[in-house]
């Protein structure tokens with residue numbers, strides 16, 4: 001079996017590079033699964049529209065020997081934190097030009113932009129036309145680049161799949177807030193679904209903080225999530241705000257508690273490493289896709305959150321090799337208590353008898369060389385774990401199989417972490433996250449804020465409305481399951 005990891009945008013590539021570093025540091029040994037057969041080169045494709053994250057991979061080959069430089073795509077222009085700028089390509093130019101014939105570019109400028117332009121050009125119509133022509137030429141360049149990236153990605157995916165003994169599916173990693181990850185990522189996801197309809201496609205998605213610096217992030221998130229609902233088999237998600245709260249307050253031996261983006265990327269990579277290491281056996285009982293599929297049995301509810309221990313933070317492990325199962329469990333369940341609570345969450349709690357953080361399905365995976373003895377034959381440890389899961393995750397009562405456990409006996413030589421715990425959960429709390437995003441985006445849409453930045457690349461009002469309806473359906477489906 002084999003899987004392909006596709007890293008898109010700055011966030012996706014930073015997380016992906018941390019992931020491969022941790023897999024190698026944790027003595028990942030199943031080369032048939034994530035590495036080319038008999039080699040140490042990763043089954044990975046790295047894509048960005050800017051060079052700053054990826055350019056060193058092609059030049060510093062000793063450091064990045066585990067990446068194939070032919071599988072690295074980057075250009076010189078970003079995507080302006082704009083979903084439409086990343087999603088649309090030169091094939092949409094006819095649609096764009098048709099809109100340009102009915103709406104002048106000047107009409108689509110904001111009031112402030114119009115005032116600035118008139119003041120700058122002093123009403124010079126020639127300068128105005130020249131400025132618009134230059135802007136449109138720049139947009140055409142971006143659209144052509146998007147088309148080239150799609151074509152290159154299609155070729156690289158086909159070649160990398162041919163290098164797998166048995167290709168099962170892909171994992172796409174990107175942020176929801178920016179332009180390259182959210183927009184170009186959505187387009188690549190859609191293309192992969194068309195080309196490989198029978199294979200599994202999963203996403204690792206990173207939610208921005210609610211009070212982010214990008215005024216377009218709510219639009220970008222909603223448009224990305226709508227596409228994931230349509231084309232992805234499941235979404236493993238992480239929240240920047242929640243990770244920051246937990247990591248900055250966690251009780252570790254690390255003196256420096258100033259958490260940055262690099263630390264949060266390390267944390268995400270740690271959870272994904274635990275997931276991918278499920279297959280670090282020559283004959284695993286289950287493929288990691290099997291667990292994700294079990295957790296997303298309802299096609300209307302595709303969101304999975306991860307918690308685990310130990311994890312990497314500032315180059316150190318959060319727990320040492322002598323840690324007990326109790327300390328591993330404590331650190332894992334402490335992460336659950338940092339849900340970002342909103343006014344919407346409080347209102348939903350009042351409306352429903354079940355807790356808003358109820359869980360539809362949960363998989364708990366324990367790994368250690370002595371897991372059968374230290375956990376399997378220790379009734380006290382097992383009951384302690386079961387009690388913590390009920391208290392922290394509130395499994396829904398209508399699903400008798402909401403919680404399941406898996407133990408993996410690991411070779412001592414293959415592990416730096418003698419005991420590890422990973423919990424993957426499909427939780428109803430995603431509804432409150434999506435509803436808060438949706439309400440902010442709808443308010444901006446009603447005020448027609450920033451819409452001209454999307455319309456200039458070929459988007460229309462109906463595209464936004466369709467995305468809002470898709471996300472509202474996700475919220476309704478999860479909320480319905482509380483009753």
Check your understanding: Got at least one residue in region 187-206 being over 21 Å from residue 46 (Cβ atoms), in contact (Cβ under 8 Å) with a residue 12 or more places away in the chain and within 13 Å of the chain's Cα centre (by Cα)?
Key -> no
Exercise for review: Report yes if residue 169 is more than 25 Å from residue 339 (Cβ to Cβ) and buried (at least 16 other Cβ atoms within 10 Å of the Cβ), otherwise no.
Suggested key: yes
Review point. Which ones in region 50-68 are surrounded by 17 or more Cβ atoms within 10 Å (Cβ to Cβ) and assigned to a helix (DSSP H, G or I)?
Key: 57
Review point. Based on what the data block shows, is residue 313 crowded, with 17+ Cβ neighbours inside 10 Å, at pLDDT 90 or above, in the same structural domain as residue 200 (by TED's automatic domain parsing) and more than 30 Å from residue 440 (Cα to Cα)?
Key: no
Check your understanding: Going through region 354-382 one residue at a time, which ones are under 26 Å from residue 394 (Cβ atoms) and in a strand (DSSP E or B)?
Key -> 359, 360, 361, 362, 363, 364, 365, 366, 367
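Okay, residues lined up against (1) outside the structural domain of residue 224 (by TED's automatic domain parsing); (2) modelled with pLDDT of 95 or more:
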site: 400; (1), (2): no, no
site: 425; (1), (2): no, yes
site: 439; (1), (2): yes, yes
site: 447; (1), (2): yes, yes
site: 463; (1), (2): yes, yes
site: 466; (1), (2): yes, yes
site: 469; (1), (2): yes, yes
site: 473; (1), (2): yes, yes
site: 481; (1), (2): yes, no
Check your understanding: Has region 168-175 got any residue that is out of contact with any strand residue (DSSP E or B) (no Cβ under 6 Å at 6 or more places or on another chain) and either outside any strand (DSSP E or B) or at pLDDT 95 or above (or both)?
Key -> no
Review point. Is it the case that some residue within region 216-226 is closer than 23 Å to residue 169 by Cβ and not in a helix (DSSP H, G or I)?
Key: no
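The rows are residues; the columns are (1) modelled with pLDDT under 95; (2) under 23 Å from residue 411 (Cβ atoms).
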position	(1), (2)
269	no, yes
272	no, yes
282	yes, yes
285	yes, yes
302	no, no
307	no, no
318	yes, yes
347	yes, no
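The values are calculated or read from the model by the stated rules, or taken from the named source; none is laboratory data. Everything numeric in this text was worked out from a predicted model, so none of it was measured. Reconstructed Cβ throughout: ideal geometry from the backbone, glycine too, with neighbour counts over all protein chains shown.
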